[in-house]
1. Rounded to two decimals, what is the ratio between the C-alpha radius of gyration of the stretch 26-114 and 2.2 N^0.38 Å?
2. Which residues does a label at residue 192 reach in the stretch 138-178, if reach means a backbone N under 17 Å from a point 7 Å past the Cα toward the Cβ?
3. Multiply the residue separation of residue 41 and residue 486 by 0.36 nm, subtract the distance between their alpha-carbon atoms, and state the gained length in nm to one decimal.
4. Would you list 449, 475 from the most to the least accessible area, probe 1.4 Å?
5. Trypsin sites (Lys or Arg not before Pro), restricted to the stretch 27-121: which are DSSP loop and have at most 12 other Cβ atoms within 10 Å?
6. Assuming a ≥ b ≥ c are the square roots of the Cα gyration tensor eigenvalues, decide whether the stretch 297-412 counts as rounded (a/c under 1.5), prolate (otherwise, with a/b larger than b/c) or oblate.
7. For the stretch 577-582, take each phi angle, set θ = phi - 60°, evaluate the Karplus expression 6.51 cos²θ - 1.76 cosθ + 1.60, and give the result in whole Hz per residue in order, putting x for glycine and proline.
8. Give the cross-link partners of residue 462 among the aspartates and glutamates, using a straight C-alpha distance below 14 Å as the criterion and excluding same-chain residues fewer than 8 apart.
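The values are calculated or read from the model by the stated rules, or taken from the named source; none is laboratory data. All values derive from a computational prediction rather than experimental measurement. Reconstructed Cβ throughout: ideal geometry from the backbone, glycine too, with neighbour counts over all protein chains shown. Ligands, DNA and RNA are stripped out before the accessible areas are found, and what is left, the full protein with its side chains, is counted by its heavy atoms. Shrake-Rupley method; radii C 1.70, N 1.55, O 1.52, S 1.80 Å.
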Amino acid sequence: MSQTLLSQINSPADLKGLGENELAQIAQELRNFIIEIVATKEGHLGASLGVIELTIALHYVFNTPDDLLVWDVGHQAYGHKILTGRRDVFHTNRDLNGISGFPKRDESEYDTFGVGHSSTSISAALGMAMASQLKGIDRKHIAVVGDASIASGMAFEALNHAGVSGADLLVILNDNAIGIDPAVGALKDYLTRTKSGKETGRDNIFESWNFDYSGPIDGHDLHLLLQELKRQKTLKGPRLLHVRTTKGKGLKQAEIDQVRYHAPGKFDKTTGDLTPSDTSLLPPKFQEVFGHTIVELAQQNENIIGITPAMPTGSSMKIMMDALPERAFDVGIAEQHAVTLAAGMATQGLIPFCNIYSTFLQRAYDQVIHDVALQKLPVIFCLDRAGLVGQDGATHHGNFDLAYLNCIPDMIIAAPMDAIELRNMMFTAQLGLEMPIAIRYPRGRGRILNWKQPFQQLEIGKARVIHDGSKIAILSIGSIGAMVDDLVSDENLDITHVDMRFLKPFDTQMLDAIFEQHQHIITIEDGTIIGGLGSVVIDYACNDFRFRESEINESLCRTSCGTKAYKNNIYKLGIPDSFIQHGPTADLHQLAGIDRETVLKLIKSLSTQ
């Protein structure tokens with residue numbers, strides 16, 4: 001029976017049927033199960049391994065799903081999924097049409113709130129608790145939040161409100177001193193000093209918010225967790241239980257190298273060793289190009305500063321943090337602060353490169369408008385993970401950036417087709433601009449091996465012709481243009497391909513020439529089909545396009561597109577007006593209709609017209 005307990009658990013009710021003395025075996029089997037699947041299927045590993053005992057104890061003590069359990073971010077929720085009826089489909093985790101890598105409301109009643117971005121759990125659980133209070137429902141509400149996430153402004157806002165709400169809310173602080181990268185900031189130092197909750201030499205920060213604070217306790221001691229959670233179940237009002245855990249617990253390598261084993265890729269399930277792979281002959285990832293290029297530029301320009309909100313490894317800002325630590329900053333999970341910090345630096349003549357994942361810049365939209373663009377401060381935003389990012393799914397796709405930035409005045413929007421273009425855009429931006437610029441690029445590798453070419457200054461707002469043909473023109477923006485370039489070359493197509501490079505300011509001179517010389521115009525982008533490249537082209541063609549005056553390049557700026565409207569046939573390809581699920585990026589491109597085969601089929605059909 002020693003290896004079959006987990007196979008009997010199809011719901012928390014089955015878990016409750018076990019004796020407390022059997023839960024340690026469940027913990028070991030659950031760890032082994034996650035390790036075995038993730039070793040071959042990939043995914044987030046360390047976070048889930050670190051909360052195995054806590055997950056078991058929560059579902060054993062509380063009456064889920066009647067009691068409402070909210071996980072922050074969701075990286076740590078694999079064990080939760082397996083114990084709540086998804087064990088037999090866990091091997092489909094993050095696959096196309098498989099289960100999501102994050103809690104998702106339409107996937108299970110046990111997933112009470114959809115997550116993926118950090119620091120939302122306390123607000124969500126508080127909202128549930130207040131709703132129960134208003135409706136007269138007696139149930140418990142639990143938010144599990146990490147020490148990196150609780151330092152975010154939204155979490156502080158929720159704590160501030162919860163402390164005066166009187167709501168029945170239990171916040172469990174999963175303190176492992178790391179998010180994806182090691183936690184930073186004064187709160188991390190405070191939590192590290194905390195031994196009993198009273199021994200910091202100052203008032204307990206959580207009690208000052210009217211929370212009943214308990215802990216810290218060992219998050220891997222099942223007996224202690226069960227005892228404390230049973231006590232918490234009898235209490236009401238806002239409480240905070242401080243639990244200390246080790247990310248990657250139970251797999252030696254994951255405990256030692258917690259950053260790499262956050263999402264390690266394939267590894268040996270027995271030894272934990274990463275599957276060896278030789279990447280020396282592969283083109284670099286776009287984020288690696290960013291990291292090496294910003295160091296190269298910063299060594300030449302002492303005013304360059306690097307800023308990232310809690311993603312130094314993922315964004316490759318860590319390369320600059322290692323090379324020039326006094327000029328590169330990880331500000332923690334604080335996108336709003338990162339943007340306005342960059343704005344403040346820009347007022348003093350510094351040149352801040354603010355590197356934020358596209359999906360996370362959404363969290364600082366007001367700051368981009370109010371603190372940066374409105375003041376025309378030349379902050380350089382480098383938006384990593386633009387477009388469809390694959391298996392992390394809808395919460396992490398960066399497909400809205402072109403549209404949500406396009407409607408902001410005094411904002412340059414650029415998207416490089418390849419690594420050389422990324423370097424040149426970064427080089428051009430740091431030479432001096434009169435307004436902010438956003439440079440967006442995708443997750444993963446480019447296609448150019450010899451990418452470290454001498455810098456060349458680009459003309460802001462100027463497109464480039466990649467292929468010159470007749471009748472049909474394809475206008476692309478960003479890295480998806482590489483697919484178009486390969487398609488035209490491989491199929492020997494007689495079409496024009498233009499890499500627009502910039503969405504704002506837009507190269508209307510190029511567009512006029514395209515309209516006058518081609519019958520069919522196809523636009524393609526790895527952004528939402530509403531509000532991006534296709535929308536700009538159609539607005540222009542319909543004589544509904546307006547450029548504002550600009551100091552960037554007056555020759556490109558017009559007050560209107562003239563009196564004639566173009567009658568060409570225009571076909572927009574982009575991400576449809578729906579949330580795209582998780583799955584391999586190639587599959588998602590096919591679903592969205594921006595893949596090679598879809599484009600080729602359209603070209604062939606237009607060639608006969």
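1. My calculation over the Cα atoms of the stretch 26-114 gives 0.99.
2. Zone members listed by number: 147-151, 175-178.
3. In short, 157.2 nm is gained.
4. 449, 475
5. Those that pass, being in a loop and sparsely packed, are 105.
6. oblate
7. Whole-Hz 3J(HN,Hα) from phi for the stretch 577-582: 7, 7, 7, 8, 6, 8.
8. Candidates past the 8-residue exclusion: 421, 499, 507, 512, 554.
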